[in-house]
Amino acid sequence: MKTYYKFKFYLNAKHSVIFNEKSSNIHPHTWEIVVLFGSQESDTVNFTNFENELENYFLNYENKYLNEHQSFKEINPTMENIGKVLYVDIKSLINDKNLYFKKMEISENPTRTYIIEE
């Protein structure tokens, strides 16, 4: 039997995206980020410490204009690209804790979700 943990976070930030060589207006989102992971050692995880670490990580982006953030200087900050950047960092944080990454979802609104799964 496989068991997983699910954390849900909300990230408030603005961005503008380029499609067909046209830039959208700067607009805000409250992104919902869901992370699923499992433990490699036991069924017990210290949620408080790990959750605080992830919350501190998200503070790097909170209330920022993502286009000006170092992570997106050369990347169009679409929902998909934001998800890919967050995935790399979150997976690293998870792996450092003897946990393993299962899946991450990022939604820019209730009807659009981008999913990255191992």
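Since every read-out is calculated from the coordinates, none of them should be taken as a lab result. Values in this document were obtained by computation on a predicted structure and should not be read as measured data. With ideal geometry, Cβ positions are generated from the backbone for all residues, glycine too; neighbour counts draw on all protein chains shown.
Pairs spanning more than 20 Å between alpha-carbon atoms, out of Lys6/Lys102; Lys14/Lys84; Lys2/Lys103; Lys73/Lys103: Lys73/Lys103.
The angle between the Cα long axis of helix 79-95 and the main principal axis of the chain comes to about 30°, on a 0 to 90 degree scale. Between the helical axis of 47-58 and the longest alpha-carbon principal axis of the chain there is an angle of about 20 degrees. If R0 is 41 Å, the Cβ-Cβ spacing of Thr30 and Thr3 corresponds to a FRET efficiency of close to 0.90. Rounded to the nearest 20 debye, the dipole magnitude of the chain is 220 debye, with +1 charges on Lys and Arg beta carbons, -1 on Asp and Glu beta carbons, and the Cα centre as origin. The residues packed around Phe58, meaning those with a beta-carbon under 11 Å from its beta-carbon, carry a net charge of -4 if Lys and Arg are +1 and Asp and Glu are -1.
Neighbour counts of C-beta atoms inside 10 Å place Ser23, Ser71 in the sequence Ser23, Ser71, starting with the fewest. Region 49-113 and region 3-33 have Cα centres lying 10 Å from one another. The calculated FRET efficiency for Asn98 paired with Tyr65, based on their beta-carbon distance and R0 = 30 Å, is about 0.25. In summary, the chain shows an alpha-carbon radius of gyration equal to 1.12 times the 2.2 N^0.38 Å reference for compact globular proteins. Where both bridge residues fall in the chain, DSSP classifies roughly 95% of the beta bridges as antiparallel.
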